[in-house]
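Notes follow once the structure below has been shown.
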């Protein structure tokens, strides 16, 4: 079962998901109902679209002792809500899986659950069931699976050539603080879905450099003006420590939990920003580029020189961090 | 976060679930919508009842190398389907969480996923999404969360005094083989829900001795004729090795995945068994007792002497096996 060779470490995460999807065969319906978007989408009856998503929070991997139990609980809820936001949906019901060693402090568990409550209460989330399971000492794993509704679900891979690419907020350096304290962009996602102008959407969790490929259809590339990427203050602070540029942090760091979306090409940037600012005066919005035909080029192209940005994440092997 | 004292090992699993439910506060609706039944039940719109359940399968805890990868995958699906069956429901869509070390053999993972496919294909289950996550070497954790429908959901705690208590199949010794190869009682659960005679239902996963309390309402006890409990052949084989009686194995062993349910008191055992046998000629059914007023007595009472059966599981602490 476990071995030093012929194991999963030779495959990237996306390759593994591809293999699992293939092995599942007919059990996996086509996207967006099946595997491959932020949420699965389906219609249980009549006009209702339901959406469903699941996310994991593992001690030592997605958080450590630098954040509080309440923050860890909030992060689990908000990671899921960010996927719901990306579809333009609203959360509804969830089930919770907790797996932990017998040495987990009861007070820590209480803080974690109260963090779930605080994050869920504001958006009317109901936790309707779950499962707890014992693991070896020192381990803590939590999983939340959320069911929601989306009147007009926003999906990936549905943009047209020429559509403008936008991001909310500011990017990079999230691990300094934001990863534990961010607010999922639910209102923004709902507004985009209602606007009728948004052609594709996803949330930024793996970093813009990687996630841009995720929003595109197969024959598309993203032409990006690197200098239009909104750089967070924490990306500058991270750059001081890492020796890399703040822009590289904004482009490549993960866990931004902002929305990445596309807007129809016939809507001017000025018009869209005016509407946006009326709705969300406090939330920065940036047009960072356009969807273009790939014609065999890299998925992400820098408009300055027409080539792939020189800093991009390397191959992300499943054995990597 | 982890400590040798004031940790979760001082609480039983049910105590922990009670605490988590309390800490969740208003995030947890009342049963059967909320925590406490085999599945959560809710009506998304109109007449449809949706049900939702989640179950965990951990290497070294719920299975070991004595079963194949395909059997492990099948067990994960069937554990969930057994909860769906207990509600008289039908499975529909599911999301899958896989967490494993980078040393997991790719061929084993393929076998596991193909085991999921085989178990899900027969009941038209669709796996519409999920999440994969890296853990330390040697670890494998899988979770499936299933959404289904139930026209008339069967619940726990809804039996009346005098109702007859039944179990399907034969009990005990499941760890010898059945835990990895059982078939969830979906058709039986659906038939019971349609019969209009079934007043409460659950699946047997922790053993009859413990699960009987789970089907009762607060003021109820179960008066059981111990000698009417159907003893599996594997319970006899287990008894030869353990030195305990086969009846004790049938009463106390877990992982039977049979249905435990109650039938209205005005339906005679002979009439019910006749109807059952017409529907399921191959599936044994046993009337093992009646729901009685507790009046401060033990939750489970042996009809032979009016006291609690002398063999019952001890306190199941979260630190225990």
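The values are calculated or read from the model by the stated rules, or taken from the named source; none is laboratory data. Keep in mind that what you see is a predicted model, and the values were worked out from it rather than measured. We place every Cβ from the backbone using ideal geometry, glycine too, and count neighbours over all the protein chains shown.
Under the condition of being assigned to a loop (DSSP other than H, G, I, E, B) and surrounded by 24 or more Cβ atoms within 10 Å (Cβ to Cβ), which residue from region B:256-272 is nearest to the chain's Cα centre (by Cα)?
So, considering only residues that are assigned to a loop (DSSP other than H, G, I, E, B) and surrounded by 24 or more Cβ atoms within 10 Å (Cβ to Cβ), the one nearest to the chain's Cα centre (by Cα) is B:257.
Evaluate the following for residue A:51: is it touching a residue at least 24 places away in the same chain (Cβ under 8 Å), buried (at least 24 other Cβ atoms within 10 Å of the Cβ), in a strand (DSSP E or B) and more than 9 Å from every other protein chain (Cβ to nearest Cβ)?
Working: touching a residue at least 24 places away in the same chain (Cβ under 8 Å): yes; buried (at least 24 other Cβ atoms within 10 Å of the Cβ): yes; in a strand (DSSP E or B): yes; more than 9 Å from every other protein chain (Cβ to nearest Cβ): yes.
So residue A:51 fits the description; yes.
For region A:1-14, enumerate the residues that are within 20 Å of residue B:95 (Cβ to Cβ) and more than 7 Å from chain B (Cβ to nearest Cβ).
A:14, the sole residue that qualifies.
What's the total number of residues in region B:19-47 that are more than 7 Å from chain A (Cβ to nearest Cβ), closer than 28 Å to residue B:90 by Cα and part of a helix (DSSP H, G or I)?
1
Of all residues in region A:58-77 being outside any helix (DSSP H, G or I) and facing chain B (nearest Cβ under 9 Å), which is surrounded by the fewest Cβ atoms within 10 Å (Cβ to Cβ)?
That would be A:65.
If you go through region B:44-65 one residue at a time, do you hit one that is outside the structural domain of residue B:143 (by TED's automatic domain parsing), touching a helix residue (DSSP H, G or I) at 6+ places or on another chain (Cβ under 8 Å) and within 21 Å of residue A:136 (Cα to Cα)?
Checking region B:44-65: not a single residue is outside the structural domain of residue B:143 (by TED's automatic domain parsing), touching a helix residue (DSSP H, G or I) at 6+ places or on another chain (Cβ under 8 Å) and within 21 Å of residue A:136 (Cα to Cα).
Report, by residue number, each residue of region A:291-321 that is over 24 Å from residue A:246 (Cβ atoms), crowded, with 16+ Cβ neighbours inside 10 Å and modelled with pLDDT of 85 or more.
Residues satisfying the conditions are A:291, A:292, A:294.
For (1) surrounded by fewer than 24 Cβ atoms within 10 Å (Cβ to Cβ); (2) at negative phi; (3) assigned by TED's automatic domain parsing to the domain that holds residue A:116; (4) assigned to a helix (DSSP H, G or I), each residue gets a yes or a no:
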| site | (1), (2), (3), (4) |
| --- | --- |
| A:154 | no, yes, no, no |
| A:157 | yes, no, no, no |
| A:206 | yes, yes, no, no |
| A:213 | yes, yes, no, yes |
| A:227 | yes, yes, no, yes |
| A:247 | yes, yes, no, yes |
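(1) more than 7 Å from every other protein chain (Cβ to nearest Cβ); (2) in contact with a helix residue (DSSP H, G or I) (Cβ under 8 Å, 6 or more places away or on another chain); (3) assigned to a helix (DSSP H, G or I): which one isn't true of residue B:98, the others all being true?
Status for residue B:98: all satisfied but (3).
Considering region B:119-134 alone, what residues qualify as being within 7 Å of another protein chain (Cβ to nearest Cβ) and within 24 Å of residue A:94 (Cα to Cα)?
Of everything in region B:119-134, those that are within 7 Å of another protein chain (Cβ to nearest Cβ) and within 24 Å of residue A:94 (Cα to Cα) turn out to be B:120, B:125, B:126, B:127, B:128, B:129, B:130, B:131, B:132, B:133, B:134.
Counting just the residues of region A:103-112 that are buried (at least 24 other Cβ atoms within 10 Å of the Cβ) and in contact (Cβ under 8 Å) with a residue 40 or more places away in the chain, which one comes out farthest from the other protein chains (Cβ to nearest Cβ)?
If we take residues in region A:103-112 being buried (at least 24 other Cβ atoms within 10 Å of the Cβ) and in contact (Cβ under 8 Å) with a residue 40 or more places away in the chain, then A:112 is farthest from the other protein chains (Cβ to nearest Cβ).
With free of Cβ contacts under 8 Å to residues at least 60 places away in the same chain and assigned by TED's automatic domain parsing to the domain that holds residue A:278 as the only criterion, which of A:189, A:169, A:115, A:196 stands out?
Selected residue: A:196, the only one of A:189, A:169, A:115, A:196 that is free of Cβ contacts under 8 Å to residues at least 60 places away in the same chain and assigned by TED's automatic domain parsing to the domain that holds residue A:278.
Quick one: in region B:22-43, which of the residues that are under 20 Å from residue B:83 (Cα atoms), touching a strand residue (DSSP E or B) at 6+ places or on another chain (Cβ under 9 Å) and free of Cβ contacts under 8 Å to residues at least 60 places away in the same chain is surrounded by the most Cβ atoms within 10 Å (Cβ to Cβ)?
By that ranking, first place goes to B:40.
Residue check, residue A:80 against (1) outside any helix (DSSP H, G or I); (2) more than 7 Å from every other protein chain (Cβ to nearest Cβ), all met but one. Which one?
(1)
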